[in-house]
1. Within the set of pairs 6 or more residues apart or between chains, which connect a residue that is under 11 Å from Ala161 (Cα atoms) inside region 121-132 to a residue that is surrounded by fewer than 22 Cβ atoms within 10 Å (Cβ to Cβ) and among the β-branched types (Val, Ile, Thr) with Cβ atoms less than 8 Å apart?
2. Can you spot a residue in region 267-276 that is part of a helix (DSSP H, G or I), within 18 Å of Thr211 (Cα to Cα) and either among the polar types (S, T, N, Q) or under 30 Å from the mean Cα position of the chain (by Cα) (or both)?
3. Go through region 137-147 and give me each residue that's within 27 Å of Gln109 (Cα to Cα) and more than 10 Å from the chain's Cα centre (by Cα).
4. Of all residues in region 54-99, which are of a type in the set (D, E, K, R) and not in a helix (DSSP H, G or I)?
5. Please go through region 242-277 and give me each residue that is buried (at least 19 other Cβ atoms within 10 Å of the Cβ) and hydrophobic (A, V, I, L, M, F, W, C), ordered by number.
6. Looking only at region 241-261, how many residues end up being touching a helix residue (DSSP H, G or I) at 6+ places or on another chain (Cβ under 7 Å) and assigned to a helix (DSSP H, G or I)?
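The values are calculated or read from the model by the stated rules, or taken from the named source; none is laboratory data. Note that this is a predicted model, so its numbers are computed, not measured. Positions of Cβ are generated from backbone atoms using ideal geometry, with glycine treated the same way; all protein chains shown enter the neighbour counts.
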Amino acid sequence: MIASGSDAGSRQGDAGPRPARLDVGVVSAGRVGSVMGAALAAAGHTVVATSAVSRASRARAEALLPDAEVLPPDEVVRRADLALLAVPDDVLPGLVRGLAAAGCLRPGQILVHTCGSHGVGVLGPAAEHDVLPIALHPAMTITGRAEDVTRLSGACVGVTANSTPTEDAEAAWLVGEALVVEIGAEPVRIPEEMRPLYHAALAHGANHLITLVREAADLLRDAGIEPAERVLAPLLSAALDNALRLGDRALTGPVVRGDAGTVATHLRHLDARAPESAELYRALARRTAERAHGNGLIGDDEFTAVVETFERHTP
């Protein structure tokens, strides 16, 4: 639970001054909102209300936020000391403007959103009501299931608060970091202007990793190999572990060996049997060659041979 008073600074590793237990309102009970709300409840706060329109969001609210009353968004925020806005990035600006116009915000209220690409600038209309604006984005894939609450523990959460160097701005940073620490995660400060790049990095890594894995599984099934996942699991698990530990030195395969003949064979078969995958293979293989060459893993001759292979084998 968030400590208050003199207890706040007495713990080793404390993120800073912490408010007392909070009444939390969640807008809305989507995948992220329901899981973040449940994590805050597990940390000792009380989720008093949530908004939920679809059947799926109502089911998540019932499962993960059982004590929360389902209310319209403005009523959820009106009841909350901490209002958690967990809506899609493109929806957030309009929601904030609507809440600011509805008169449901009050001075001293903590207003948090969970969008990855936005900082706190998007909360500007609400900040005029003297709320404490914070952006918290969990760097974790969230499906909206109970196990996601556990997964948050040990994950990183991107924290952004006001970039203006004032006492109130620093308080917002510290409150945001304290909330992250309470749910068992690790806070990482993300400057306002770097939020889009931060979010692009996460989306590029996580979302495109899933796409790549499924593409590889489809190709194995096209080759008559079942179960494809059993073949891929040890290989991809080792590759991910090596990439995180060793960086570009973890690269293996025909591109890094400068084996242009094998690359050409791959392209011929992919063009004939899976042209959609061939386009992705070309893009990733070229980027792999550029990274390997830039890091001295392959020489100029090998790099040139691989690149010329892409140019010769263009459908």
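1. Once the first residue is under 11 Å from Ala161 (Cα atoms) and sits in region 121-132, its partners that are surrounded by fewer than 22 Cβ atoms within 10 Å (Cβ to Cβ) and among the β-branched types (Val, Ile, Thr) give Leu132/Ile110.
2. yes
3. Gly144
4. Asp67, Glu69, Arg79, Asp81, Asp89, Asp90
5. Passing the criteria: Leu251, Val255, Val256, Ala260, Val263, Leu267, Leu270.
6. The number of residues fulfilling the criteria is 8.
Let's see how each residue does on (1) modelled with pLDDT of 95 or more; (2) under 22 Å from Ala135 (Cβ atoms); (3) touching a strand residue (DSSP E or B) at 6+ places or on another chain (Cβ under 6 Å):
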{"position": "Gly5", "(1), (2), (3)": "no, no, no"}
{"position": "Ala29", "(1), (2), (3)": "yes, yes, yes"}
{"position": "Val32", "(1), (2), (3)": "yes, yes, no"}
{"position": "Gly37", "(1), (2), (3)": "yes, yes, yes"}
{"position": "Ala52", "(1), (2), (3)": "yes, no, yes"}
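Residue-by-condition table, conditions (1) buried (at least 24 other Cβ atoms within 10 Å of the Cβ); (2) under 27 Å from Ala203 (Cα atoms); (3) assigned by TED's automatic domain parsing to the domain that holds Glu170:
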{"residue": "Arg31", "(1), (2), (3)": "no, yes, yes"}
{"residue": "Val47", "(1), (2), (3)": "yes, no, yes"}
{"residue": "Ala52", "(1), (2), (3)": "yes, yes, yes"}
{"residue": "Asp74", "(1), (2), (3)": "no, no, yes"}
{"residue": "Val87", "(1), (2), (3)": "no, yes, yes"}
{"residue": "Leu99", "(1), (2), (3)": "yes, no, yes"}
